[in-house]
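A short write-up of the structure that comes next.
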Amino acid sequence: MERFETRSIHAGQAPDDETGAVMPAIQLSTTFEQDAPGEDKGYEYARTGNPTRAALEANLASLEGGEFGRAFASGMAAIDAILHTLEAGDRVVAGNDVYGGTHRLLTQVYDRHDLETKFVDVTDLDALEAAMTPDTELLWLESPTNPLLSVVAIEAAAEIADEYDALCAVDNTFATPYLQRPLDHGADLVCHSLTKYLGGHSDVVGGAIVTDDEGLDDQFGFVQNAAGGTPGPFESFLVLRGTKTLPVRMDRHCENAAQLASWLENHDAADQVYYPGLDSHPGHEIAAEQMDDFGGMVSVEFDASLDETSELVAATEVFTLAESLGGVESLIEQPAAMTHAAIPREERIEAGLRDGLVRLSVGLEHVEDLQADLQQAIEAAIE
Ligand code: PLP
């Protein structure tokens with residue numbers, strides 16, 4: 001098999017036979033001619049399948065090292081498609097710090113359909129095993145997590161899921177397949193918010209699922225068609241454009257993030273820095289085993305009040321104050337006041353999300369400009 005960098009550019013795509021166009025066409029047609037009733041050329045209706053989307057699906061499957069890929073209109077639509085394959089009465093075990101939208105979908109939508117979810121600290125394998133029951137059909141993992149970058153031992157967790165005949169799904173959004181391929185570690189399915197690093201330019205929303213299991217893939221295809229949460233051809237094209245540069249972008253994201261993380265770790269204003277590449281990170285060894293590098297996300301807890309921290313994140317000039325992550329531009333946010341504000345303060349603090357916590361999506365700008373920007377914001381906000 002060709003190497004990752006080559007597949008990121010070519011997998012699922014070839015010059016067009018008729019025109020020689022090197023890049024895949026944005027195929028806008030919603031319907032496709034049939035030679036005879038029921039005899040199509042591979043496509044019949046655009047919700048069911050579309051050539052631009054098919055190119056993206058093949059590309060993503062190749063990058064995750066899986067057989068089958070399915071693209072969706074958002075990361076949430078992909079997660080929803082996975083949950084759609086479960087039945088009333090089934091149980092899910094999920095990490096206790098999964099993405100808030102996943103938590104909301106499980107607790108405010110699927111619980112109404114009698115799907116019960118047990119949230120547990122999945123970095124503690126004994127706690128994970130204790131949460132599993134014969135009715136557990138799905139183990140839901142993220143690694144690294146948001147915003148504390150906790151690392152889950154995917155292989156060991158997938159083995160536990162296997163013992164209980166449950167599927168193991170990994171949301172690989174933070175790591176990307178360039179840095180971590182959960183299927184190689186025993187996961188049954190991988191899902192993504194393509195909105196983040198895979199799109200890579202903060203200009204497209206999308207989601208995906210990759211698996212080696214044809215039966216599961218058929219079910220996801222059924223949900224794509226039956227529920228209709230599929231991406232349009234333009235969105236599919238934009239993500240395909242993004243995946244071509246994923247390896248070079250991720251290298252720089254990792255390099256910049258590692259440099260900022262070690263600088264911050266030695267900074268007087270910082271109490272704690274969360275970055276899986278630091279020796280001080282509790283998940284460092286596992287991350288070093290299951291990831292090729294440590295990613296572009298860094299969280300730092302400043303010795304600062306909620307107000308001082310709000311001032312800090314508003315004072316940056318190169319970092320943009322905004323939610324989301326994974327684009328070429330650096331973003332800064334304050335979980336306590338933004339992404340995780342819905343969690344009651346006491347509960348939030350107990351989960352380690354204190355008032356002085358700041359999350360950085362480290363982009364591709366010159367790292368010295370990023371460092372200087374953080375330094376001036378720290379000086380402006382913290383006494
Ligand atoms: N998974 C993770 C880890 C995320 O961070 C997000 C969004 O922030 C999602 C899933 C949902 O993706 P989307 O916003 O594309 O629906």
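The values are calculated or read from the model by the stated rules, or taken from the named source; none is laboratory data. Just so you know, these numbers come straight off a predicted model, no measurement behind them. For neighbour counting, all protein chains shown are included, and Cβ atoms are generated from backbone atoms with ideal geometry for every residue, glycine included. To get the accessible areas, we keep the full protein, side chains included, count just its heavy atoms, and leave off ligands, DNA and RNA. Shrake-Rupley method; radii C 1.70, N 1.55, O 1.52, S 1.80 Å.
General remarks:
- Helical mean residue ellipticity (222 nm; -39500 (n - 2.57) per DSSP H run of 4+; nearest 500) of the chain: -11000 deg cm²/dmol
- Counting only aspartates and glutamates at least 8 places from Lys41 when in the same chain, those with an alpha carbon closer than 12 Å to its own are Glu33.
- Radius 12 Å from Cβ of Thr245, net charge of other residues (Lys, Arg +1; Asp, Glu -1): +2
- The equivalent ellipsoid that matches the C-alpha gyration tensor of segment 125-166 spans semi-axes of 20, 10, 9 angstrom, in descending order.
- Quotient of C-alpha Rg and 2.2 N^0.38 Å, computed over segment 60-144: 1.13
- Size descriptor for the chain, Kirkwood hydrodynamic radius: 21.5 Å (Cα pairs only, one decimal).
- With θ taken as phi - 60° and the Karplus curve 6.51 cos²θ - 1.76 cosθ + 1.60 applied, the whole-hertz 3J(HN,Hα) list for segment 96-113 is 7, 10, 5, 3, x, x, 5, 4, 5, 5, 5, 8, 10, 10, 6, 5, 5, 9 Hz, x standing for glycine and proline.
- Summed side-chain charge close to Gly101 - residues other than Gly101 whose Cβ falls under 14 Å, Lys, Arg +1, Asp, Glu -1: -3
- Whole-percent pair-distance distribution, where bins are 5 Å wide, for the alpha carbons of segment 246-381: 2, 11, 20, 24, 21, 14, 6, 1, 0
- Segment Glu346..Ala314, full-extension length gain: 9.1 nm, with 0.36 nm per residue of separation and the alpha-carbon distance subtracted.
- Normalising the average separation of contacting C-alpha pairs (under 8 angstrom, six or more residues apart) by the number of residues puts the relative contact order of the chain at 16 percent.
- Accessible surface, segment 246-381, averaged per residue in Å² (probe 1.4 Å): 43 Å²
- Packing-based ranking of 283-292, 11-20, 252-261 yields 252-261, 283-292, 11-20, ordered from highest to lowest mean Cβ neighbour count within 10 Å.
- Protein accessible area in segment 151-258, 1.4 Å probe - carbon and sulfur %: 47 percent
- Segment Ala322-Asp40, length gained on full extension (0.36 nm per residue, minus Cα span): 97.0 nm
- Projected label distance in nm at Lys118 and Asn225, using a 7 Å step from Cα toward the beta-carbon: 3.7 nm
- The equivalent ellipsoid of segment 182-304 has semi-axes of 34, 18, 13 Å, largest first, where each one is the square root of 5 times an eigenvalue of the Cα gyration tensor.
- Whole-Hz ³J(HN,Hα) from phi, Karplus 6.51 cos²θ - 1.76 cosθ + 1.60, for segment 142-150, glycine and proline x: 10, 7, x, 9, 10, x, 8, 6, 5
- If you take all other residues with their beta carbon under 9 Å from the beta carbon of Asp135, and give Lys and Arg +1 and Asp and Glu -1, the sum is -2.
- Sequence of Glu329, Glu379, Glu155 from largest to smallest accessible area, 1.4 Å probe: Glu379, Glu155, Glu329
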